[in-house]
Amino acid sequence: MNEKAMFQLTYGLFVLTAKDGEKDNGCIINTAGQVTAVPNRISITVSKENLTHDMIKKSGKFNLSVISQRADFELFKHFGFQSGRTADKFAGYDACRRSGNGLYYITEGTNAYISGSVEQTIDLDTHTMFIASVEDMDVLTDDLSATYAYYHSSIKPKPEKPAEQGKTVWRCTICGYIYEGEELPEDFVCPVCKHPASDFEKVTG
Ligand code: FE
């Protein structure tokens, strides 16, 4: 079995936003898609570690903003590499607007948003899948959507030459963080984007 087959699947990238009382939050996901057309339904799958996950479970509502190829790395850092449990991601953030359901959607580096109302919740151990009916949606720009592959090839900063001659370092393939050392501990978690050791690649200078 070649597990690399999983890398051949295509994924979009999205800012998923939700609200609990007065608190707004958002995170980045790559797992969303339309599942039925009549009526219009989408599915999203969200890690239970995300505060946005808990907010959607409680409120049954979310907005999905589709990230475009105009998005910069800052958008990913802002919504992807910090937690809403410790940071207020919407404090002083003005590239957003509220849709009819009262939730924020993102207006820069995005090309559409879809408002979902949860119909079904499926427990998938580390993640929850939400099946939602579409309450509202709009196209924001004509920019092409960013795929996960596009993020890796064109949005993520290109690393400077990371390893000195004869030295080995480990590079996070998600955010570019460099771990210096010959061996990367198995339980290592990237301090920037929180991805596990399996998302690091060995770079030899
Ligand atoms: Fe990382």
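What single numbered condition from (1) assigned to a loop (DSSP other than H, G, I, E, B); (2) away from the ligand (no atom under 15 Å from the Cβ) fails to hold for Asn111?
Going through (1) assigned to a loop (DSSP other than H, G, I, E, B); (2) away from the ligand (no atom under 15 Å from the Cβ) one by one, Asn111 breaks only (1).
Give me the residue from the range 61-88 that is outside any loop (DSSP other than H, G, I, E, B) and polar (S, T, N, Q) and, out of that set, nearest to Thr17 (Cα to Cα). Give the derivation first.
Step one: list which residues in the range 61-88 are outside any loop (DSSP other than H, G, I, E, B), which gives 61-68, 73-80.
After this cut, where a residue has to be polar (S, T, N, Q) as well, the list is 63, 65, 68.
On the way: Asn63: 5, Ser65: 8, Ser68: 16 Å.
Top of the filtered list is Asn63.
Scan Thr86, Thr52, Thr36 and give me the residue that is crowded, with 16+ Cβ neighbours inside 10 Å and free of Cβ contacts under 8 Å to residues at least 40 places away in the same chain.
Values: Thr86 fails: crowded, with 16+ Cβ neighbours inside 10 Å; Thr36 fails: crowded, with 16+ Cβ neighbours inside 10 Å.
From the options Thr86, Thr52, Thr36, the qualifying one is Thr52.
How about the range 63-104: which of its residues are more than 14 Å from the chain's Cα centre (by Cα) and aromatic (Phe, Trp, Tyr)?
Result: Phe90, Tyr93, Tyr104.
In the range 108-162, how many residues are under 30 Å from Gly181 (Cβ atoms) and in contact with a strand residue (DSSP E or B) (Cβ under 7 Å, 6 or more places away or on another chain)?
So the first thing to find is which residues in the range 108-162 are under 30 Å from Gly181 (Cβ atoms), and the list is 126, 148-149, 151-162.
Now narrow it down to the ones that are in contact with a strand residue (DSSP E or B) (Cβ under 7 Å, 6 or more places away or on another chain): 126, 159, 162.
Number of matching residues: 3.
Yes/no matrix, rows are residues, columns are (1) in contact with an Asp or Glu (Cβ under 9 Å, 6 or more places away or on another chain); (2) over 15 Å from Thr17 (Cα atoms):
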site	(1), (2)
Arg97	no, no
Leu103	yes, no
Asp136	no, no
Tyr150	no, yes
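Values in this text are rule-based calculations from the coordinates and carry no lab data. Note that the coordinates shown come from a computational prediction; the quantities given were computed from them, not determined experimentally. All Cβ positions, even for glycine, are placed from backbone atoms using ideal geometry, and neighbour counts span all protein chains on display.
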